[in-house]
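The structure appears below as structure tokens.
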Amino acid sequence: MFIKNSWYVACRPDEIYGKPLGRQICGQKMVLYRGSEGQPVVLEDFCPHRGTPLSLGFVKDGNLVCGYHGLEMGCEGKTVAMPGQRVSSFPPIRTFPVIERYGFIWVWPGDLDKADPALMPTFEFFDNPQWAYGGGMYHVNAGYELMIDNLMDLSHETYVHSTSIGQPEIDETPCKTVTEGNRVITSRFMENIKAPPFWRMAMRANGLNDEASVDRWQICRFTPPSHVMIDVGVALAGKGGFDAADEDKVYCVVVDFITPESDTSHWYFWGMARKFKPNDPALTYSIREGQGKIFGEDMQMLEQQQANLLNYPSRRLLKLNIDAGGVHSRMVIERILSEQSNAADAHA
Amino acid sequence: MFIKNSWYVACRPDEIYGKPLGRQICGQKMVLYRGSEGQPVVLEDFCPHRGTPLSLGFVKDGNLVCGYHGLEMGCEGKTVAMPGQRVSSFPPIRTFPVIERYGFIWVWPGDLDKADPALMPTFEFFDNPQWAYGGGMYHVNAGYELMIDNLMDLSHETYVHSTSIGQPEIDETPCKTVTEGNRVITSRFMENIKAPPFWRMAMRANGLNDEASVDRWQICRFTPPSHVMIDVGVALAGKGGFDAADEDKVYCVVVDFITPESDTSHWYFWGMARKFKPNDPALTYSIREGQGKIFGEDMQMLEQQQANLLNYPSRRLLKLNIDAGGVHSRMVIERILSEQSNAADAHA
Amino acid sequence: MFIKNSWYVACRPDEIYGKPLGRQICGQKMVLYRGSEGQPVVLEDFCPHRGTPLSLGFVKDGNLVCGYHGLEMGCEGKTVAMPGQRVSSFPPIRTFPVIERYGFIWVWPGDLDKADPALMPTFEFFDNPQWAYGGGMYHVNAGYELMIDNLMDLSHETYVHSTSIGQPEIDETPCKTVTEGNRVITSRFMENIKAPPFWRMAMRANGLNDEASVDRWQICRFTPPSHVMIDVGVALAGKGGFDAADEDKVYCVVVDFITPESDTSHWYFWGMARKFKPNDPALTYSIREGQGKIFGEDMQMLEQQQANLLNYPSRRLLKLNIDAGGVHSRMVIERILSEQSNAADAHA
């Protein structure tokens, strides 16, 4: 079950550069391309003529031309031309609201009349010269809820990412989880510890002594439908931690946009925004390489977990304090799904 | 659903040279081989002893020896010998009527008593010294009806085969479709145009100036169960088109024998017969290479179309004038299926 | 359907050297590893915390540490520790009785209270200096019953293994099958024949003239759940055959431990014990290479047989005299399954 009335990251702009892209989002086959003004367009990936995927075609003058018999589909989902045919009575196909923002193409898979750009969340670190951003995308054969669980409980870092960002102090330090409306925040603060390898690299990049003791923080912020922003960083010990001056810390936001494909698979758009050395592209490259490797370590675990859960469908899982972030996030999702279902019933 | 009481191309002779071949046709697992007189034999691919495929065995003195325990199956589907066994009470397996003609092995997947070699259609271009023939086979993960649609509407050439046989004039010229009993014919005549690359090559091969304006024709002829013969060619403009003298034209028949494997896959035996330079094997090779590449371009489209239709099972497709060839061909198939079903009920 | 209350070979010791192994046996996902005393441990492959496979983790101080969040599972299926957690109320996971013997790890997939090491069969050729042993493992996509059929009817050697151990005299010599309680024995004795290539190699290795006429024997012994031991060998003709003096014969036992994975797949632990030149490792290597190649020849046949049987589910197979070994073995299995089912009902 997916929250359909919401904005999801659909793709990166380079994925629709010069050609249409076929992608399934929340169980819907979609085709994405740029119209005549360069604006992104999202349509159902189904030619009304003979049912071929429009994504196999090409873009001409801002219309999407079917690669089979040349039907030209307009940005409103109405056929605008076809060689030798009068097309006015051709059935329309579904269009999906779309916004280009923050370096992504966003789509609204739900009701057309409920789509509102104002419902798009604000991210202070995009389009902000004080910050730099780099990221990538993975396709993961696991339900999107398992990725939310993963990101809302960072105690797994000690085991899955033991050589980069994991350290025993994560396990040993309790986390605290709060729900504020639809937002869930789970945080952990570790004081006077040594930094693990990834953060030592970041400290050196910011001119800090990587042998120094640090205060480390992890503040995971879930917002619906499936975004997880994680404040992460280390500051020289005793300088105020998260609130330390910029020159005494390295501070990043792990950015996770999780887009369901099917009940058991999703597109994972990951990245990292940092508030130090924003004009150093080599550092951006280096961090992205490291993060890509780290997030790749999660994939086998999530995919095998999904397979095991399908194999044991009736087994109840534990909900420990460390799981509170994921558990509460799923409760928010369930409540929104229930509200959308009730609203649909009320209209029926 | 398949028309079972009909002749289908099962394989090329080289596929059963020296060894049996296992192939599924109209949902039936079959094994094909040559008997003691060299005649083709088609049996159910199931050893009555322990159920292994007989196609894993070998041919000995015209009998098919199971590769597991040496049961010898005769051409009539009756076990003729097995080491140390009396075989007279072994249950028979099903045999299928078979004919070798026109360079193919043909099988009748339906009722044994209805198989009649006289029902095999006649093709003037096979075994005729005025014609040359070359072709190949593809396995396609799409229902055979989608291939009939494809071949009975050549307006797709403009898009799928834009670099070889496609040209805008195909789209711009209306086609005409007629049904004569079980035959469907859809034709298109283009006058005073330039030839596309494939036909320029053919013109040069026949000593014609490939820059000259031409009249071009496409006459698609469907006959049940799923054969599509297409008269194609170009003549120097104003010389009579299809009826021009042989020295003023290049004239071919595209030969399409479409053999269902399952509801969503088929074997596609394609080829081209030509009525010029029949004794030029290098030209035969060159045309076959070109045609193989062109027909390969259709495969991704058909397979993705099939996948999309399975994903949208209730969606109605458009039936435009250009689709009339496929639509009428399917109506013929439906009528024959209905007649065969009624005949079966009358016997019950 | 599997006989669950029985000992099965689960793996070779080298498969759990330094790391846990995930394997499905009789439809159960299991994880195998060594505990703190080096003893083998078998648990359900399911972390009670979030359902990930424990086999993705690692062994620490004899406990199995989940690779996701560090839950430490004890050998009794009870969680012994987890960072920052009180684990006493965590639900236990299933444990499986295990024995290490004869160079294998054996598991009992059934009822814990019925597992009895005394029910493990005795094999005289293991751990016996007069014998040498070598073997390997295959994964086969066919039900384990088809492998039992294969091994209890060696007439297939003439066809499947024609270049190594097959010869026409196998087919021509009747076999005799007897059932003694739960044991089924099918035997064939061939007198005064020439040895096929594999046995010629063995004769030369044992200093015998490989051109000499021989008496050859095959005595297949099935015991539940799915073990097949086959006495095989050749003796110089007229020297007593199976009972000939060691210097006049080459005598081996083909060892087949067949472990069901699912209804249509199994793990096949094959090997050969020989009672000549036991201290010649090069000979062990050579025999294992030959046997591995021979047994590989059966795999395509069994997997295609399985596919064909799934395709023809209602077809009855023949039960000839040569099939008596497999047929009687399956009757033993059916009877034990029925007894276990009745016992379960009586408890309910």
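Structural remarks
- Condition met for B:G70 (more than 10 Å from every other protein chain (Cβ to nearest Cβ) and on the phi > 0 side of the Ramachandran plot): no
- Residues that are under 15 Å from B:R23 (Cα atoms) and facing chain C (nearest Cβ under 7 Å) within the stretch B:45-61 comprise B:F46, B:T52, B:P53, B:L56, listed in sequence order.
- Looking only at residues in the stretch C:153-194 that are part of a loop (DSSP other than H, G, I, E, B) and within 13 Å of C:A324 (Cα to Cα), the one that is farthest from the other protein chains (Cβ to nearest Cβ) is C:C175.
- Residue list for the stretch B:1-22, restricted to those being part of a strand (DSSP E or B) and surrounded by fewer than 21 Cβ atoms within 10 Å (Cβ to Cβ): B:L21, B:G22
- You will find that of C:D45, C:D61, the residue that is crowded, with 21+ Cβ neighbours inside 10 Å and acidic (D, E) is C:D45 and no other.
- For the stretch B:175-193, a residue qualifies if it is surrounded by fewer than 16 Cβ atoms within 10 Å (Cβ to Cβ) and over 30 Å from B:L337 (Cα atoms), and the qualifying residues are B:F189, B:E191, B:N192.
- Residue count for the stretch A:216-231, restricted to those that are touching a Leu at 6+ places or on another chain (Cβ under 9 Å) and either crowded, with 23+ Cβ neighbours inside 10 Å or among the acidic types (D, E) (or both): 3.
- Residue list for the stretch B:203-231, filter: of a type outside the set (D, E), touching a residue at least 24 places away in the same chain (Cβ under 8 Å) and part of a strand (DSSP E or B): B:R216, B:W217, B:Q218, B:I219, B:C220, B:R221, B:F222, B:T223, B:H227, B:V228, B:M229, B:I230
- B:Y33, sole failed condition from (1) within 14 Å of chain C (Cβ to nearest Cβ); (2) part of a strand (DSSP E or B); (3) of a type in the set (S, T, Y): (1)
- Unmet requirement for A:D149, which otherwise passes all of (1) more than 10 Å from every other protein chain (Cβ to nearest Cβ); (2) over 30 Å from B:D171 (Cβ atoms); (3) of a type in the set (D, E): (1)
- Among the residues of the stretch B:241-267, those that are within 19 Å of B:M147 (Cα to Cα) and either among the basic types (K, R) or outside any strand (DSSP E or B) (or both) comprise B:D263, B:T264.
- Test: residue in the stretch B:286-301 that is of a type in the set (A, V, I, L, M, F, W, C) and touching a Leu at 6+ places or on another chain (Cβ under 7 Å): yes
- Residues of the stretch A:55-89 satisfying the condition of being in contact (Cβ under 8 Å) with a residue 12 or more places away in the chain, under 22 Å from B:T163 (Cα atoms) and in contact with a helix residue (DSSP H, G or I) (Cβ under 7 Å, 6 or more places away or on another chain): A:L56, A:L64, A:C66, A:G67, A:Y68, A:H69, A:G70, A:P83
This table checks each residue for (1) in a loop (DSSP other than H, G, I, E, B); (2) of a type in the set (F, W, Y); (3) more than 14 Å from chain A (Cβ to nearest Cβ).
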site	(1), (2), (3)
B:F269	no, yes, yes
B:A282	no, no, yes
B:S286	no, no, yes
B:Q291	no, no, yes
B:V327	no, no, no
B:D345	no, no, yes
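- Failed item in (1) free of Cβ contacts under 8 Å to residues at least 40 places away in the same chain; (2) part of a loop (DSSP other than H, G, I, E, B), with A:G238 passing the rest: (1)
- With respect to the stated conditions, A:Y144 fails to be within 11 Å of chain C (Cβ to nearest Cβ) and surrounded by 22 or more Cβ atoms within 10 Å (Cβ to Cβ).
- Residues satisfying the stated conditions in the stretch B:302-321, i.e. modelled with pLDDT under 95 and more than 7 Å from every other protein chain (Cβ to nearest Cβ): B:P313, B:S314, B:R316, B:K319, B:N321
- Qualifying residue in the stretch B:200-212 (condition: surrounded by fewer than 18 Cβ atoms within 10 Å (Cβ to Cβ), farther than 19 Å from B:K275 by Cα and under 24 Å from the mean Cα position of the chain (by Cα)): no
- Residues of the stretch C:78-120 that turn out to be within 14 Å of another protein chain (Cβ to nearest Cβ), surrounded by fewer than 18 Cβ atoms within 10 Å (Cβ to Cβ) and under 17 Å from C:V41 (Cα atoms), as a count: 3
- Annotation note: of B:K239, B:K277, B:K293, B:K319, the sole residue that is at positive phi and surrounded by fewer than 22 Cβ atoms within 10 Å (Cβ to Cβ) is B:K277.
- Looking at A:P260, A:P278, just one residue is within 23 Å of A:G325 (Cα to Cα), more than 14 Å from every other protein chain (Cβ to nearest Cβ) and touching a residue at least 24 places away in the same chain (Cβ under 8 Å), and that residue is A:P260.
- Some residue of the stretch C:14-28 being under 22 Å from A:L318 (Cβ atoms) and either more than 13 Å from every other protein chain (Cβ to nearest Cβ) or touching a strand residue (DSSP E or B) at 6+ places or on another chain (Cβ under 6 Å) (or both): yes
- Restricting C:S164, C:S187 to residues that are out of contact with any strand residue (DSSP E or B) (no Cβ under 6 Å at 6 or more places or on another chain) and hydroxyl-bearing (S, T, Y) narrows the list to C:S164.
- Some residue of the stretch B:275-286 being in the same structural domain as B:D210 (by TED's automatic domain parsing), in contact with a Lys or Arg (Cβ under 7 Å, 6 or more places away or on another chain) and aliphatic (A, V, I, L, M): yes
- Among (1) at pLDDT 95 or above; (2) assigned to a helix (DSSP H, G or I), the one test that B:A273 misses: (2)
- Residue within the stretch A:126-141 that is within 14 Å of chain C (Cβ to nearest Cβ) and surrounded by 16 or more Cβ atoms within 10 Å (Cβ to Cβ) present: no
The values are calculated or read from the model by the stated rules, or taken from the named source; none is laboratory data. Fair warning: this is a prediction, and the values are worked out from it, not measured in the lab. All Cβ positions, glycine included, derive from the backbone under ideal geometry; neighbour counts span all protein chains shown.
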